Amino acid sequence: MEIDSLLQPFQHFGVHLGLERIQKLLADLGNPHHAVPIIHVAGTNGKGSVCAYLGAVLTEAGYRVGRYTSPHLVDWNERVCLNEQPISTEDFRELLFQVKDAIPEDGEDSPTQFEAITAAAWLYFAQKKVDIAIIEVGLGGRLDATNVCASPLISIITSLSREHWQVLGPTLADIAREKAGILKLRCPAVIGQLPPEAKTVVEQRINELGCPVVWIKPAEKIPLPTTPYQGEDQEKLPLQTQEGFQNWAEYEGIKYPLPLLGNIQLSNSAIAIASLQILRAQGWKITEKAIASGMAKTTWPGRLQWTTWKNHRLLIDGAHNPAAAVALRQYVDTLHTPVTWIMGILSTKDHADIFSALLQPSDRLYLVPVPDHSSAAPDALATLAQNICPKLAHCSTYPNLEDGLKAATANTPETSKRLIVLCGSLYLVGHFLKQNCSTLA
């Protein structure tokens, strides 16, 4: 039985925040989460990158590392990893059978799909006896199914902006209150840069709980070092990617390569480094060599990722909320190239704010639906985009991604020598990768 089929019975329950169901399910499974030391990661954007950095470095340091993230791009297996390797379909299937067997058939309040997968992840990490697990919050924090550990090694809040406000509350203060729900009594916290309204709420909760806290400032870019790190054997690190030399950064005296693109990674990487420093202070053996080498090996597909489609160079990025769209536009502007956008956006997103962040005069825009999800109608998006940016060079809609890609990459004087960017939804990016790539590496 495939993973999709096993998860199908849970789909109709949708988003249903609350801890009662997951706590009962985990108790019926023997409370596997009690056996797993964790780093808990919440935030609007940057969670995945921070989890990727931490997982790569801790694996490089020789630890047995679990990582649980969402959503996936191509396969469900991506969500549950051990030492950077996705769980096998066979193992995942067996775990989901164990979870299903623990759920009473006549239960009135059955677990949601996310809760079932989360329980499977806890089981996997406990059975594999991981040294540490990096756990990403699914939605919010306080009532998220991952929020079941009383004493995380570190609680991280990467960033806060207005997303999922329909569920978490209309203001930044409301959203911050929900994210701050992952903070625990006297447990260390690492907090990224927050808007003042959100920072006030988080700071108040930190003070109430007596959490030792590190407030992050972005790392600084540095020139490519002639000696990559201060190590005993001076073994060379990989210094190049397909895009040329990696950026290097420094945070609190730690120098490291920065393979993920965009200035936002100066903040995300600093959060990871600060968290690793806390672990080192707790007695974890993480050398500067392991930090530099692990950071160099970090990948996080679907976010500012270069790829090709039928010999056309393409930049893909989720950019599914206004803050992510701002980060994408900042990176695009560094390339000094006219832009062609291929976009699809979910119906629940802040379309106007995303367009305001991305679109500029002379850009070309090709709108498509997000398949198999609640997609905003391309025609409605086209009207909105032209109202927000009346000087678009081109705006058109297409019934599917394939047609949009064909039109956007047509070899004409209007489309040649343009930067082509596919964005607007991680689900759209995942659909593209599934259709066009055999691997996420």
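Readers should treat all values here as calculations from the given coordinates under stated rules, not as data from a laboratory. Quick caveat: nothing in here was measured; it's all calculated off a predicted structure. We place every Cβ from the backbone using ideal geometry, glycine too, and count neighbours over all the protein chains shown.
Just a few scattered comments:
- Modelled FRET efficiency - R0 30 Å, ASN31 with ASN263, Cβ distances, 0.05 increments: 0.10
- For the stretch 101-213, the average shadow cast by the Cα convex hull is 8.3 nm², which is a quarter of the hull's surface.
- The chain: calculated mean residue ellipticity at 222 nm from DSSP helix runs of at least 4, using -39500 (n - 2.57): -11000 deg cm²/dmol
- Part-to-part distance (alpha-carbon centres) for the stretch 362-381 and the stretch 336-359, which is given in Å: 9 Å
- Of all DSSP-defined beta bridges confined to the chain, some 40% are antiparallel rather than parallel.
- Peptide ranges 322-334, 279-291 listed from the most packed, as the mean C-beta count within 10 angstrom indicates: 322-334, 279-291
- Between GLU402 and ARG313, the distance separating the two model label sites (each 7 Å from Cα on the Cα→Cβ line) works out to 2.7 nm.
- Placing a label point 7 Å from the Cα of ASP131 along the Cα-to-Cβ direction, the residues of the stretch 42-65 with a backbone N closer than 19 Å are 51-65.
- For the pair GLN23 and ALA410, a Förster radius of 41 Å applied to the C-beta separation gives a FRET efficiency near 0.15, rounded to the nearest 0.05.
- Summed residue charge, Cβ within 10 Å of VAL130's Cβ, Lys/Arg positive, Asp/Glu negative: +3
- Max mean-square fluctuation residue, GNM over the chain, Cα-Cα springs under 10 Å, options ALA219, ALA410, ALA133: ALA410
- Directionally averaged projected area (the chain, Cα convex hull): 21.3 nm².
- Cross-link check: pairs LYS179/LYS217; LYS128/LYS297; LYS179/LYS285; LYS47/LYS289 evaluated at a Cα-Cα cut-off of 27 Å; pairs beyond the cut-off: LYS179/LYS285.
- The dipole here belongs to the chain: it is taken about the Cα centre, uses +1 on the Cβ of Lys and Arg and -1 on the Cβ of Asp and Glu, and is about 1100 debye.
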